[in-house]
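No lab work stands behind these numbers, since they all come straight from the coordinates. Computed from a predicted structure; not experimentally measured.
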Amino acid sequence: MGAPARRRIGRTGLNAGLQEVKEVGKIRTVFMGTPKVAVPLLSTLNEISEIALVVTQPDRPMGRKQHLHASPVKVHSEKLGLKIVQPEQVKNNPIFLKELQGAKPDVIVIVAYGKILPQSVLELPRMG
């Protein structure tokens, strides 16, 4: 049996599905994203689902003095009080895979995460 089908949801599709999600109950979600563009969807998902885990890129040095800077998704997740992990690598990383499994996600939402995910991660969520 292959991987579950993936579908892209535009803003219209997301808004249309909000009422349906509210009626079904909160879905356990793992959110994977890094840049500022991912923050609005994280906020919306936090309102309609249970964010079990946020996965974002590790803090990176920036600027002339190379000070570490957190991603916009990490900064926003901290404001929301969400659990955050920042793996250096996602392939061949049993610790990261255990963390994901422990979150018991119904869905994983990926928005500009920035790394290629292994099949073991893509097959993990119950609903896709």
Quiz item: Can you list residues whose amide H is under 5 Å from residue 128's amide H, if they're 5+ apart or on another chain and H is modeled 1.01 Å from N?
Solution: 108
Practice problem: Could you please state, rounded to a whole Å, how far the C-alpha centre of the range 91-128 is from the C-alpha centre of the range 26-70? | Solution: 14
Quiz item: Going down the list 36/104; 36/115; 36/79; 83/115; 65/115, which pairs span over 24 Å between their C-alpha atoms?
Solution: 36/104; 65/115
